[in-house]
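Below is one structure, written out as structure tokens; the observations come after it.
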Amino acid sequence: MPKKGKLFVISGPSGVGKDTLVGLVLPGPANLERVVTATTRPPRPGERDGINYWFLTAEEFERRIKANEFLEWAVVHGNRYGTPAPAVSEKLAHGISLILAIDIQGAKSIRDEMGEAVTIFIAPPSFKELEERLRGRSTECDAEINGRIEAAEDEMAQMDKYDYAIVNTEIEQAAGELKQIIESHTS
């Protein structure tokens, strides 16, 4: 029977670079895959169903909640996000380690359910920089950006509940730190 895989939970404020960092560490160590999460928000330009997210209708998301098909789920910035449970448990049982980029609420749920998960908080170098990154991606209106900045203040207060914290000042350096953490738990 293969050794059980590790679950790496990456979270932090919106716009901090979670998905970019995950993209830079994958492909990484053998037997490490990204978990594709589900959402009710519409795709952003360039995003593809089953690659970036599973884009679900509100009705389908609700059906999956009732069927207990999510490891965790939360409402974030007005949209639902969730982690499909069957894919995670099956892959971990077969020795495949997983990296999961989710919000703070989801990370808390996973910590509560799966204490063996390795949690990594990605922090911005400053709130000013975070705001510039959010504005630079041009995917939200001013009100949404302001809401995300306000939420980031509360989210930053959760950083001490994580196993590790990485300040994403320079993307390549932050990706190197993330890769080192993953390798230290998978070798």
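Some observations on this one:
- With respect to the conditions (1) farther than 19 Å from Pro84 by Cβ; (2) modelled with pLDDT of 90 or more, Thr39 falls short on a single one, namely (1).
- Look at (1) in contact with a His (Cβ under 7 Å, 6 or more places away or on another chain); (2) not in a helix (DSSP H, G or I) and you find that Ser138 fails only one, number (1).
- Scope segment 83-96; condition not small (Gly, Ala, Ser) and not in a strand (DSSP E or B); matching residues: Pro86, Val88, Glu90, Lys91, Leu92, His94, Ile96
- Flag for Glu47 being over 21 Å from Lys179 (Cα atoms), assigned to a loop (DSSP other than H, G, I, E, B) and in contact with a Leu (Cβ under 7 Å, 6 or more places away or on another chain): no
- Positions within segment 1-17 being crowded, with 19+ Cβ neighbours inside 10 Å and either in a loop (DSSP other than H, G, I, E, B) or at pLDDT below 90 (or both), in sequence order: Gly5, Lys6, Gly12, Pro13, Ser14, Gly15, Val16, Gly17
- Check on Phe61, more than 16 Å from Gly15 (Cα to Cα) and either outside any helix (DSSP H, G or I) or modelled with pLDDT of 90 or more (or both): yes
- Unique match (being crowded, with 17+ Cβ neighbours inside 10 Å and not in a strand (DSSP E or B)) among Ile99, Ile110: Ile110
- Residue identified as under 24 Å from Glu155 (Cα atoms) and surrounded by fewer than 17 Cβ atoms within 10 Å (Cβ to Cβ) among Val75, Val118: Val75
The values are calculated or read from the model by the stated rules, or taken from the named source; none is laboratory data. Not measured: the values here are computed from a predicted model. Every residue, glycine as well, gets a Cβ built from its backbone with ideal geometry; the counts of neighbours run over all protein chains shown.
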